[in-house]
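Undergrad: Here it is: the structure, laid out below.
Just so you know, all these numbers are worked out from the coordinates, no wet-lab data involved. Not measured: the values here are computed from a predicted model. Glycine also receives a Cβ, built like all others from the backbone with ideal geometry; neighbour counts cover every protein chain displayed.
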Amino acid sequence: MARPMKRVPFGRWLMAMALVEAWFVSSREWAGTHLFRKVVGIAHLVDPTPLASMPSFFMLSAIYLTCVALWTSGRLLPFTGAIAWIVLMISASLEASAIGRPNPTLDVIFPLVMLGAWEVGRQIKRAASEPERDAFAHEVVCGVLAAIFVLACTAKLSHTGMSWTDGNPLRLLVFERSFAATPPLGDLRLAFANTPWLARFASSYTVLVQGAGICFLWPRARKLWTLAVIPMFTGFAVLMGMFQVPWVLLPIALSWSTFGLSHPAKPAPVG
Amino acid sequence: MAAASVSRPALVAAALFAMANLAVGDTFPFSRYAMYADLEGYDSSALIVFRADGKPAQPEAFRRFSGEPLFHVTSPQGVRCSMGWRVFESRRWMETHAADPGEEPGPVQFQIGYVMTKLTAEGPTVSDEFIPLAEGHAWPAP
């Protein structure tokens, strides 16, 4: 008798989208390059140049995208999740090495951390039933998300105190990016840069929402916080040209759905 | 009520994750998630500018670059610059679209440099003074 197919919740689809986006954002920095400015991650162990060759890029892409597709449909778990995570780690370290920074871009590190947290959560509860494993892993991922946003908030406050919220640095950042945009976007950025109260509001809102990420520890507060964070990332996209798609997709996925296949609607309450 | 209480697994995961990242700092795959945190005193900055024959241009509109300084250019030193990544991005473009050895330099004088932006009481301003970082030659893209 054939096993009925599990319905894939839309949260898992959103995670898959974030993972695919992360791959292309990451790999475009290293695919085909021979120029590495820093030694990060796997570059400590092997010469990154052959890994970054085009044949290697196509092979790694095939492996990664196949594993993401299989993971999404719940096949060959946990291997497909683990392999996808490892390959994305390789890409992330090649990316950081290529761009010369200690870490890859945020679009890559966020889904990487989320997938890792999900798989670790499921492994911690490997003796439990599938619904319990999914419910536990869901909470682990939510906890990690909360920590990330609180870390972002505390980083700002520890560097500059509350002066980060006065809006002046943001005005200058947006002003610089107005030159890179054609009208009307460039005009919009210029207008923002010349409106001190709006920049103050946007800066304060950013710090507030990031600090309020701790709300993700409370299941009932997740949707509200997610609704608050979406305007923040919309602002980043419009004013700074930073399209951080996973950072919008994954809070939505975790607030209104789940990555778990055992709970198509919502995870079992834990507390 | 149980539904209104904090999720204990989430709390533990958050605490462990935060402690690990704070302890290790910005070393892959750990991160402080600083995200433009270090903006204290950010009231002036270097804005990266590309010029072809003295006019604003983008490196992607040119090929067959020549001139060693172009291939060693780095982001401005001694001044704050939030778009230094643009220098490295352009450098990668120029290196992958470099002229063949011995090839005649292109007709276009290509420059990478910066101008200073500043936040004044009247609002943000940009200086007219172009400060070059590197220059060479190139051919317009076909």
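Undergrad: Determine, from the Cβ-Cβ distance of B:LYS118 and B:LEU16 and an R0 of 56 Å, the FRET efficiency 1/(1 + (r/R0)^6), rounded to the nearest 0.05.
TA: Result of the calculation: an efficiency of 0.80.
Undergrad: Would you mind checking the tilt of helix B:84-96 against the longest principal axis of the Cα atoms of chain B, expressed as 0 to 90 degrees and rounded to 10?
TA: So the inclination is approximately 50 degrees.
Undergrad: Once the Cα atoms of helix B:8-24 and of chain B are each reduced to a long axis, what angle between those two axes, in degrees from 0 to 90 to the nearest 10, is obtained?
TA: Here the helix axis deviates by roughly 40 degrees.
Undergrad: A follow-up question, please. If you take the beta carbon distance between B:GLU95 and B:LYS55 as r and set R0 to 30 Å, what does 1/(1 + (r/R0)^6) give as a FRET efficiency, to the nearest 0.05?
TA: Numbers: r = 23 Å, r/R0 = 0.78.
So the FRET efficiency works out to roughly 0.80.
Undergrad: What share of the DSSP beta bridges in the protein assembly as shown is antiparallel, in percent to the nearest 5?
TA: 95
Undergrad: With springs connecting C-alpha atoms under 10 Å apart, model chain B as a Gaussian network and identify which of B:GLY78, B:GLY41, B:GLY25 has the largest mean-square fluctuation.
TA: B:GLY25
Undergrad: Are there trypsin sites (Lys or Arg not before Pro) in the stretch A:1-110 that DSSP marks as loop and that have at most 12 other Cβ atoms within 10 Å, and which are they?
TA: A:ARG7, A:ARG75
Undergrad: Something else: Have a look at the stretch B:72-120 and give its Rg and Dmax from the Cα atoms, expressed in angstrom.
TA: Here Rg and the maximum Cα pair distance are 14.0, 48 Å.
Undergrad: Using amide H atoms built 1.01 Å from N in the peptide plane, name the residues 5+ places from B:ALA134, or on other chains, whose amide H lies under 5 Å from its own.
TA: Under 5 Å from the amide H of B:ALA134 lie the amide H atoms of B:ILE112, each far enough along the sequence or on another chain.
Undergrad: Which three extents, in whole angstrom, do the alpha-carbon atoms of the stretch A:95-245 cover along their principal axes, largest first?
TA: Principal extents (Cα only, largest first): 58, 37, 30 Å.
Undergrad: Over the Cα atoms of the stretch B:11-86, what radius of gyration and what Dmax do you get, in Å?
TA: 19.2, 59
Undergrad: Same structure again: Over the residues of the protein assembly as shown, compute the C-alpha Rg and express it relative to 2.2 N^0.38 Å.
TA: Dividing the Cα Rg of the protein assembly as shown by 2.2 N^0.38 Å gives 1.07.
Undergrad: Is there a quick way to get the dipole size of chain A? I mean about its Cα centre, with the Cβ of Lys and Arg at +1 and of Asp and Glu at -1; what is the value in debye to the nearest 20?
TA: Working: 22 positive and 13 negative charges, 111 e Å.
Taking the Cα centre of chain A as origin, the dipole is about 540 debye.
Undergrad: Hey, another quick one. Compute the distance in nm between two label points, each set 7 Å from the Cα along the Cα-to-Cβ direction, one at B:VAL126 and one at A:LEU77.
TA: Distance between the two pseudo-spin positions: 5.1 nm.
Undergrad: For the stretch A:98-142, which trypsin sites (Lys or Arg not before Pro) are in a loop by DSSP, counting at most 10 other Cβ atoms within 10 Å?
TA: Sites meeting the loop and neighbour criteria: A:ARG126.
Undergrad: Hey, what does the equivalent ellipsoid look like for chain B, semi-axes from the Cα gyration tensor as sqrt of 5 times each eigenvalue, largest first, whole Å?
TA: Working: eigenvalues 374, 93, 33 Å².
Equivalent ellipsoid of chain B: 43, 22, 13 Å, largest first.
Undergrad: Could I ask something else about it? Quick one: compute the contact order of the stretch A:132-240, relative version, from alpha carbon pairs under 8 angstrom and 6+ residues apart, as a percent.
TA: In percent, rounded to a whole number, it is 34.
Undergrad: Kirkwood hydrodynamic radius of the stretch A:10-124 from all distinct Cα pairs, in Å?
TA: Details: mean 1/r = 0.0711 Å⁻¹.
Roughly 14.1 Å, rounded to one decimal.
Undergrad: Can you list the chymotrypsin sites (Phe, Trp or Tyr not before Pro) in the stretch B:39-142 that are in a DSSP coil and have 16 or fewer other beta carbons within 10 angstrom?
TA: On the way: sites: B:TYR42, B:PHE50, B:PHE62, B:PHE65, B:PHE71, B:TRP85, B:PHE88, B:TRP93, B:PHE110, B:TYR114, B:PHE130; in loops: B:TYR42, B:PHE130.
Those satisfying the criteria are B:PHE130.
Undergrad: Over the stretch A:10-76, what relative contact order in percent results from Cα pairs under 8 Å that are six or more residues apart?
TA: With pairs under 8 Å counted, the relative contact order is 41 percent.
Undergrad: Counting Lys and Arg as +1 and Asp and Glu as -1, each charge on the Cβ, what is the dipole of the stretch A:66-136 about the Cα centre in debye, to the nearest 20? Mind dumping the intermediate values first?
TA: Numbers: 6 positive and 6 negative charges, 29 e Å.
Once rounded to the nearest 20, the dipole reads 140 debye.
Undergrad: Over chain A, what is the relative contact order in whole percent, taking alpha-carbon pairs under 8 Å and six or more residues apart?
TA: Dividing the mean separation by the residue count of chain A yields 26 percent.
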